[in-house]
């Protein structure tokens, strides 16, 4: 059993290292080989994890990182389904990408990053201790930010990849803080709040979700696996996984449910006015992840898990299909025998005009979050830092002159 | 409208001419990307457009030199082009140096890479690239150009960017994109924009003029400003904004143009909605470009103000002397061993080197690249005349679209069935109609875009009251919209997770099987009929034009197939760009069907007989549809075929089915996904997989191979392997006594084929500037177009995956007619003349056995370079194992032992 679990976590990582080393050394590999390695590693990982279902929950101590930090892998009702689905999606998307990225100059880079992403996810999912989880968490964050910036010749992808990366880093403060507090036996409420903070970036929760629609800059398959499915699901997964750590704080479920609820309402409102298919799907993902958080807050853990997994499958299928929208729309019209009527006409009948206009603009402008979070909060912080820097400079100068 | 308003309207109209002319993607019509520059000669147009749009005029020099190394361009081509293009009086540029011609010949053979700016300064300072003791370096440096101050454009955004390093467009564009997309949206968003019926500017004022708006710092004061402008016309707002931006009156035109071009995809789409509301895929919007410009300039005012107020100015960088031309002249002097003894000689040498600048070299290399292709094709055509044989009395005839993709199908059909005769005509077969199929929700024009159809044709079920597939469709719609909402989305996620996973497994691993499973319930379509509004005389006109132009009227077989074409594929927003250009980006099946119905109509036949064109009793026309993406055939109205024709029709259909397999096999060689030894039996399956795979960005290569158009009798090209690269329009000079048929044919074929060819040219030479870049991050917006990822300009042109195998040569139009006849037609039709004299197409007159190439206002005889081409028995022998473009070859089915000629 030990070997199986370790292999499930290690195989994707090994393939990442192998491909990374091959790229580093400039070993020529055909598209077929690169793709086969990535697909096989993810497929093997999924299959190995699936076999652990029969043996029931297990915990494997692999060794000790350093004193007080054991390396533990854990397979149970939560990690096995998520791990199997993540690896399976990794394999499917890998197979899909072989055709999709065929002849693209970044073919190998994409597959290396995909392998890294799957490896990171498996580490997050199977980690039995918070510290090991942090390692996987960082790897997935790095891989997804690099996938967003895949087309690095253009400004947009790089800026948006950077935005995701910064959001992740800001939230990592929460996650790492939680780990520190756990090690020092801090109060569960503090641990819980820090964990929630840590999960909010990746799960694209209010008010930190602005990076998610911007993440649709990469090739369609990476959008499907990261932002339709797995990457955003890791946020709720973190809360489910660490349930024992914050179970002692009765206030925390309320906070989680409020964050999830606000996100769900905000994202569904905003999503209603978006006019490009990938942004629409991004906000739809955000909405559902918010709902999952509400379910976690209500204590419906198994239901939350089912919702999370179902959503991941449905949404990534939708993202993969999104370039066929025109084709599908045409055929839907033909099959319906009438124009596809615009949905959501009801709201215009029940709301007075000023409210309608205000709400529409609010939604079109994405709830003004970018302005509030980026321009005001971050901008103010940046100005403060700059002021300190200037003061520091002045002080040093004066000191120099005085000497 | 005041005088000032009118002047603004003029400015907008002038700028609008430069915007992309691509409409919503549902009906993609190929056109010359540089239509606004068509009044100029090709060489001037591409250079001027490159300056306006910041794009590439030709392939890069490095690319051309790769072709030189591979032999695609030969040294002989270079010398021929230089002899043609470079004026030479025999004198040396400098004493002891080459003559201008010799200079160009040498210059074009060498690719001198000159590092730019700081890289060059580094090279000079840190390496021994320049020999310090070589006196030529100092002489050339002494006469080098003085540093020129960078020209700053008049657009305020450019000035702010230069002064602060912060781009105000990064503030204004996202909002403008979001707003315009929402205004034009055809049904992606769940909520429609509430106040858009009054136009774009009114909607902007209604939405953003309310208090409590977006707290973005740069928008501070916008609501008040918009409220103050209530009731202003767009023109007045533009006026106000230009003044507010501090633009001098004489710069207005330049600023308006630069502003609109900064998001030219969206601006162009607004213009398309303004001019062609009928082309809106779902519903038209009251869009006006002036409204859009007013919104953009208003945002520019606020963005520029904000950046000026907040950003710190960047330090000025002192200009450094321009050393690139000096360095290049020095390297060339060394390379050609030119002595330079004084500054006069150095200046002359430098001037000669600068005259042959990069654009000029690329122009010449391009001409050489085109020349090699032209010579190959013309020699092949000429050589084939000795070998082509008359097929005798045809068993059946088939009329296809002149599309170059049908070239291989026709060739294979003739190979499988030597007793067939094939023809090419524009794929709408003269039937210009507003067509509504039995499943269609609205009618759409099926004819060239320049024609406005006057007649409606409706397909009606023979037995009314059949059930639709609507129950399943309703469910599909419920899931696709519901899954994006809050509550329904939750229910669907939980309930349909397993189905989603199953669909993923199928679509990712077994695309073809998954597609068939999803469409398993599509039963055979019930019989229908076309209801046509045409009068008998009009139908007789249509039928007689096609029969006489193609030469079909000289002898009709018992069965005549009329085959339209189209293409159906998944994962392809540009699906309709693969459809038939002659039907305006639609599918030509209904046109073929309508034509067949007309030609079978006894009343039409009687009318034609009166005019002297007799369609024999024993001839029956059958309409068909060729899907070029999966190479399947559909036939129409087979239940109407008289009993006596059933067997000949069945044989014809079998032959065509076999030809489809062979054509698919030939086409698959271009896909790297197909093994080089793909079995014939797997060809159709491979093609079908490409068409139905969600992960396949190359459903077919479309027109990517287009390069040639031959207008003439098929007899002269029959059996010549043209590699799917030639549009083939049938034209029988013997039926055309007064050139009327040829004139109307050329007026249609010339611009349409040139449009396709030039769109591919430009999307290939600059995939990001003229094309829409790689397909991989494309994101469909508003059901009208694609963006790159999250919020970019609307991308127009063709995606790289569609054009990647293209050879960017201008269309080689070979017409079976005497030079004098063509010259007379050109003289009488300025629009055609503009294309030919301007060099947008290469025209060749093919008179009996002589060929005359049009250049600089005159036809000049073509001198063959090669007379022997490979002779094979089957096309497969020519293309087997190769993925590249192939030259001509003679496919002579009656030759038993192939005679390979290298």
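Read-outs: derived from the displayed coordinates by stated rules, not from any lab. For clarity, every value in this text was computed on a predicted model and none was experimentally measured. Because the Cβ atoms are built from the backbone with ideal geometry, glycine has one as well, and the counts that use them run over all protein chains shown.
Annotations
- For B:663-676, mean number of other protein chain Cβ atoms within 10 Å: 1
- Mean-position separation - Cα centroids, the range B:221-289 and the range B:526-569, in angstrom: 46
- Peptide B:209-217 shows a mean partner chain C-beta count of 5 within 10 Å per residue C-beta.
- Fraction in percent of alpha-carbon pairs per bin - 5 Å, the range B:79-180: 2, 9, 9, 11, 12, 11, 12, 9, 8, 8, 5, 2, 1, 0
- Isotropic mean projected area of the C-alpha convex hull, chain B (nm²): 43.8
- Per-q log10 I(q)/I(0), chain A, q = 0.07, 0.08, 0.12, 0.14 Å⁻¹ (Debye; single scatterer per alpha-carbon; no solvent): -0.36, -0.46, -0.99, -1.28
- Percent breakdown of C-alpha pair distances by 5 Å bin, ordered from the shortest bin, for the range B:131-195: 3, 12, 12, 9, 8, 8, 9, 10, 7, 5, 4, 4, 3, 4, 2, 0
- Whole-angstrom gap from the range B:617-680 to the range B:300-318, using each part's C-alpha centre: 64
- Burial order of peptide ranges A:312-324, B:815-827, B:41-53 (average beta-carbon count within 10 Å, highest first): A:312-324, B:815-827, B:41-53
- At q = 0.12, 0.20 Å⁻¹, base-10 log of I(q)/I(0) for the range B:103-244 (Debye sum, equal scatterers on each alpha carbon): -0.72, -1.43
- Gap separating the Cα centres of the range B:786-846 and the range A:167-227, nearest whole Å: 54
- Normalised size of the range A:51-165, defined as Cα radius of gyration per 2.2 N^0.38 Å with N residues, equals 1.24.
- Rg/Rg_ref, the range B:565-610, where Rg_ref = 2.2 N^0.38 Å and atoms are Cα: 1.64
- With eigenvalues of the C-alpha gyration tensor scaled by 5 and rooted, the range B:617-671, Å: 27, 11, 7
- Kirkwood-Stokes translational diffusion coefficient of the range A:136-263, alpha-carbon pairs, 37 °C, 0.692 mPa s, µm²/s: 221
- In the range A:257-307, the ratio of gyration radius to Kirkwood radius, Rg to Rh, stands at 1.05 when only Cα atoms are counted.
- What the Cα atoms of the range B:759-902 give is an Rg and a Dmax of 21.2, 61 Å.
- Shielding score for B:782-789, defined as the mean number of other chain Cβ atoms within 10 Å: 6
- When the convex hull of its Cα atoms is viewed from all sides, the range B:392-447 shows a mean projected area of 5.2 nm².
- Taking every alpha-carbon pair in the range B:195-274 and binning the separations at 5 Å intervals from zero gives 3, 13, 18, 21, 24, 17, 4, 0 percent.
- Kirkwood hydrodynamic radius (C-alpha pairs) into Stokes-Einstein, the range B:557-657, 4 °C and 1.567 mPa s, D in µm²/s: 88
- Spherically averaged projected area of the range A:297-403 from its Cα convex hull (nm²): 15.7
- One way to sum up the overall shape of the range B:690-803 is the equivalent ellipsoid from its Cα gyration tensor, whose semi-axes run 36, 17, 11 Å, largest first.
- The range B:443-526 - Debye-derived log10 I(q)/I(0), Cα point model, q = 0.10 Å⁻¹: -0.50
- Taking every DSSP beta bridge that has both ends in the protein assembly as shown, the antiparallel portion is near 50%.
- Cα-based radius of gyration of the protein assembly as shown once divided by 2.2 N^0.38 Å, which approximates compact folds: 1.00
- Kirkwood-type radius of the range B:236-341, with distances r between different C-alpha atoms, in Å: 18.2
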